[in-house]
Amino acid sequence: MSNYWGLFETVAGRLAIPGERLIEVVETPPSFQLPLTPPGCRGVFPFRGQLAVALDSNCYGGKVGDSCGNLVVVCSSDSGMVGLPVRKVVRVTKLENLKFLPVTEGQVDKPDGWLGDIEFDGRNYATIELDRMLESLLRH
């Protein structure tokens with residue numbers, strides 16, 4: 001488990017991303033749609049001389065067509081850089097300030113790659129394993 005986490009508000013709810021995956025938060029860049037991209041992928045965008053995959057909020061609980069917000073969290077994955085749309089950066093904080101709530105049987109309506117929730121300041125944030133989420137996009 002990561003020693004620190006990025007906590008974000010999205011159109012689909014609250015999201016926690018392991019700190020070692022965080023690269024930078026930027027204003028939403030223009031993205032370019034590519035043919036045959038899977039659902040949940042808006043296309044690609046240039047970032048630091050490379051291309052990053054721009055995901056849509058529906059890949060982690062939003063609905064297709066939702067307004068994604070004005071920020072993108074650029075993250076590293078085993079497949080390269082990924083941009084996740086968010087509305088607000090809440091905090092990047094150490095794990096010792098958080099309470100981890102693991103997945104329990106019977107929980108539904110959680111995105112692929114969901115590991116459980118992190119509780120911070122009385123609110124739950126869905127924890128995402130990016131590589132598992134990306135793999136699920138390719139299966140759809």
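Calculate one ³J(HN,Hα) per residue across the range 3-10 by plugging θ = phi - 60° into the Karplus curve 6.51 cos²θ - 1.76 cosθ + 1.60, and present them in order as whole Hz with x for glycine and proline.
These are the phi-based 3J(HN,Hα) values: 7, 9, 9, x, 10, 9, 9, 10 Hz.
In nm, what is the difference between 0.36 nm times the number of residues separating Glu119 and Asp131 and their Cα-Cα distance?
On the way: separation 12, 0.36 × 12 = 4.32 nm, distance 2.24 nm.
Result for the pair: 2.1 nm of gain on full extension.
Which length gain, in nm to one decimal place, applies between Arg87 and Leu34 when the Cα-Cα distance is subtracted from 0.36 nm times their residue separation?
16.6 nm is the gain from fully extending Arg87 to Leu34.
Does the range 14-56 classify as rounded, prolate or oblate by the C-alpha gyration tensor (a ≥ b ≥ c root eigenvalues; a/c under 1.5 gives rounded; else a/b over b/c gives prolate, otherwise oblate)?
oblate
R0 = 22 Å: FRET efficiency of Leu51 with Ile23, Cβ-based, nearest 0.05? Show your work: numbers first, answer last.
Details: r = 14 Å, r/R0 = 0.63.
Plugging the Cβ-Cβ distance into 1/(1 + (r/R0)^6) gives 0.95.
The numbers here are math on the coordinates, done by the rules we state, and not lab data. None of these values were measured; they are calculated from a predicted model. All Cβ positions, even for glycine, are placed from backbone atoms using ideal geometry, and neighbour counts span all protein chains on display.
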